[in-house]
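Below: the structure, in structure tokens.
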Amino acid sequence: MITNIKICYNHGRFIDGRRNIAFKPGFNVVVGPNGSGKSSLLEAIYNCPDCIRQNDNTTRYRYFNSETMNPHRSEKHFKGVSGSIIRVRAMFSSHGETMRDVLRYINFKQGDCLLLDEPESGHDLKWIIKIRKGLDEISKAGSQIIVASHHPVFWNARNIIELKRDYLKNTLKVFKKNFPS
């Protein structure tokens with residue numbers, strides 16, 4: 001599991017200048033406005049040779065975003081029988097349905113780190129809640145989850161990483177103003 005990442009200069013330019021970000025075991029959520037560097041942070045964790053990840057050195061990273069959910073570009077992410085099922089189903093399914101298949105068919109192991117970029121994309125509220133519950137189960141089984149999300153269903157995670165100070169507080173204030181009860 002990753003405990004901390006020291007961001008390289010290149011990625012730091014896209015992650016609001018942050019240089020050191022800490023993670024906890026279990027469920028972590030990265031929040032911030034569009035352009036604050038959520039996707040860049042996930043990509044840095046997944047494959048930047050210049051960013052320094054501190055972990056137990058046995059972590060297997062799994063990264064899913066809208067590009068890896070594209071069945072025409074997913075060969076390296078979905079191998080074996082489960083991967084074939086996901087690729088074939090993805091040709092006829094939405095991004096949202098493909099995300100459900102990933103959570104259903106990929107065998108996550110204790111110590112894995114699952115990186116998800118906006119897993120709520122393409123889902124209605126009912127399915128977003130199911131995805132969250134599925135991620136909670138994967139987390140309870142010993143995998144670390146790091147999600148970049150705008151959706152409040154994910155905002156009660158063990159560790160919230162705000163890439164813009166007071167983002168959650170300000171978002172909730174705007175929401176209450178525009179949708180009073």
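Bear in mind these aren't lab numbers, they're just calculated from the coordinates by the rules spelled out. On a predicted model such as this, the values are computed, not experimentally measured, just so you know. Positions of Cβ are generated from backbone atoms using ideal geometry, with glycine treated the same way; all protein chains shown enter the neighbour counts.
Distances between placed amide hydrogens fall under 5 Å for Arg18 paired with no residue 5 or more residues away or on another chain.
Full extension of the segment from Leu172 to Lys126, taken as 0.36 nm per residue of separation minus the current Cα-Cα distance, would add 14.5 nm. Put the Cα centre of region 15-33 next to the Cα centre of region 126-181 and the gap is 13 Å. Taking packing as the residue-averaged number of other Cβ atoms within 10 angstrom, the listed peptides 152-159, 172-179 run from highest to lowest as 152-159, 172-179. Working ranking of peptides 138-146, 37-45 by packing, defined as the average number of other Cβ atoms within 10 Å per residue, highest first, is 37-45, 138-146. Pairs from the list Lys6/Lys177; Lys140/Lys176; Lys38/Lys169 with a Cα-Cα gap above 26 Å: Lys6/Lys177; Lys140/Lys176.
Phi-derived couplings, Karplus 6.51 cos²θ - 1.76 cosθ + 1.60 at θ = phi - 60°, listed residue by residue for region 57-64: 6, 10, 6, 9, 8, 10, 10, 10 Hz, with x used for Gly and Pro.
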